[in-house]
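Below is one structure; the comments refer to it alone.
The values are calculated or read from the model by the stated rules, or taken from the named source; none is laboratory data. Not measured: the values here are computed from a predicted model. Every residue, glycine as well, gets a Cβ built from its backbone with ideal geometry; the counts of neighbours run over all protein chains shown. Accessible surface areas use protein heavy atoms only, side chains included; no ligands, DNA or RNA. Shrake-Rupley method; radii C 1.70, N 1.55, O 1.52, S 1.80 Å.
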Amino acid sequence: TMHALPLLLVILASATAEKVVSWYVPAVPDKLQVPAGETVTMSWGPPLGQLDIHDVWVMDDEDALEKCDFRRATELQVAIQRADVEVTGEAGQTRYFSCSIGEHCRDGQVLTVEWVNATAAPTPAQKKDDSDGGTQRAFAVGLYISLAAAAALPFLG
């Protein structure tokens, strides 16, 4: 049926206002610099991803992240097949995240997010970044629509 397509568009439209990280092995991207207070979402699960199980931990510091040392880490999301885990931070704050399942941390399922003062970036750079982001988002939405339409074709007959 074509009911899936409008829903997909709604999901994508709502996700474009924030930074979304594909929470797989490896995480993409694995480093972000975002304006203070902006939400970053680690997202995984069907229909767009594998059926792997992941979790999300806040690591104690950069050293713990590099060594995949979860002893002082804090669990944000228990192991599950699908989730959208939102995190935010204040200006000057850097937070480190990883997945504790199997070798996922060692294999690159890590994320470093640095929240910076929103006024720190010069205006022209911000405008340039916004337009690039819009182009990438438009491309991604177009790609998903194409994939959704292709997936729906067998059911349209």
Seminar exercise, completed: Ordering 22-30, 74-82 by per-residue average of other C-beta atoms within 10 angstrom, highest first, gives 22-30, 74-82
Problem set entry | Burial ranking of peptide ranges 96-107, 59-70 (average Cβ count within 10 Å, highest at the top) | 96-107, 59-70
For this session: First check a/c for the stretch 49-108, with a ≥ b ≥ c the square roots of the eigenvalues of its C-alpha gyration tensor; if it is under 1.5, answer rounded, and if not, answer prolate when a/b is larger than b/c or oblate otherwise.
Result: oblate
Exercise. Sorting ARG95, ARG72 by accessible area (1.4 Å probe), largest first, what list results?
Worked result: ARG72, ARG95
Problem set entry | Selection from ALA83, TYR96, LEU65, by position along the positive dipole direction of the stretch 24-119 (Cβ) | ALA83
